[in-house]
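What follows draws every value from the coordinates through simple rules; no lab data is involved. Just so it is clear, the model here is predicted, and its values are computed rather than measured. Note that we place each Cβ from the backbone using ideal geometry, even for glycine, and neighbour counts take in every protein chain shown.
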């Protein structure tokens with residue numbers, strides 16, 4: 001197992017138009033899944049929910065985000081927390097790409113399967 | 001519950017000389033604990049271990065880090081993963097402060113107790 005992870009070595013897939021997921025933790029030994037999510041200017045992460053808890057951090061850019069009945073414009077360095085099964089979504093603000101880090105517990109089996117499928121192509 | 005979290009509103013304590021912990025998730029509803037760790041230039045996070053898994057990201061500065069038998073110099077944007085009970089530690093490189101984000105599962109009861117104790121002072 002390699003404990004140190006470079007974004008350049010991560011495996012990625014397109015989740016929606018203009019939304020790329022780079023998966024940083026891919027071992028079945030890991031309880032959490034960590035990703036870098038890259039949202040192109042003018043793109044949207046539609047409202048959705050999942051049973052996994054989510055902690056996130058804005059690495060670069062600006063993001064309008066809604067979680068349950070709260071809504072905020074987040075900037076680089078801001079954090080958020082999404083409880084299990086809470087509806088949430090986001091869209092970029094302005095003409096810059098937004099890059100954020102998300103960590104989920106338990107791990108996102110759907111994302112890991114997506115990576116696996118891409119490798120079989 | 002407030003889903004959006006600003007580092008300026010976080011609760012903090014000194015973990016070691018030159019090492020400050022700012023806790024971003026403090027609710028007992030949260031399975032994960034997220035912190036910002038600030039390490040002053042020339043300071044050390046001594047080798048230690050804990051049963052909680054840890055995922056981390058370098059927000060600013062440079063860090064020499066060791067996890068088990070691996071060792072790396074990490075820069076802004078680099079990631080790492082610490083399995084349960086794996087010994088690890090770090091020290092700053094150069095004359096700049098290092099700021100990193102750490103997310104633990106399950107939550108760090110020791111950190112939450114430390115915050116609670118400080119509030120009672």
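Of note:
- Here, chain B yields an orientationally averaged convex hull projection of 7.5 nm² when only Cα atoms define the hull.
- Computed E for residue B:44/residue A:44 - FRET, C-beta separation, R0 25 angstrom, nearest 0.05: 0.05
- Angle in degrees between helix A:109-120 and the longest Cα principal axis of chain A, rounded to the nearest 10: 60 degrees
- Size descriptor, Kirkwood hydrodynamic radius, that averages inverse alpha-carbon separations across the protein assembly as shown, Å: 18.3 Å
- Nearest-0.05 FRET efficiency for residue B:69 and residue B:2, computed from C-beta distance (R0 30 Å): 0.15
- Per residue, the protein assembly as shown reaches -3000 deg cm²/dmol at 222 nm when only DSSP H runs of four or more residues are counted, each adding -39500 (n - 2.57).
- Taking every alpha-carbon pair under 8 Å whose residues sit at least 6 apart, chain A reaches a relative contact order of 30 percent.
- Site pair residue B:116 and residue B:76 shows an inter-label distance of 3.8 nm when each label is modelled 7 Å from Cα along Cα→Cβ.
- Additional length obtainable on full extension of the chain from residue A:109 to residue A:14, 0.36 nm per residue less Cα span: 32.6 nm
- C-alpha center-to-center spacing [segment B:36-110, segment A:78-121] in angstrom: 23 Å
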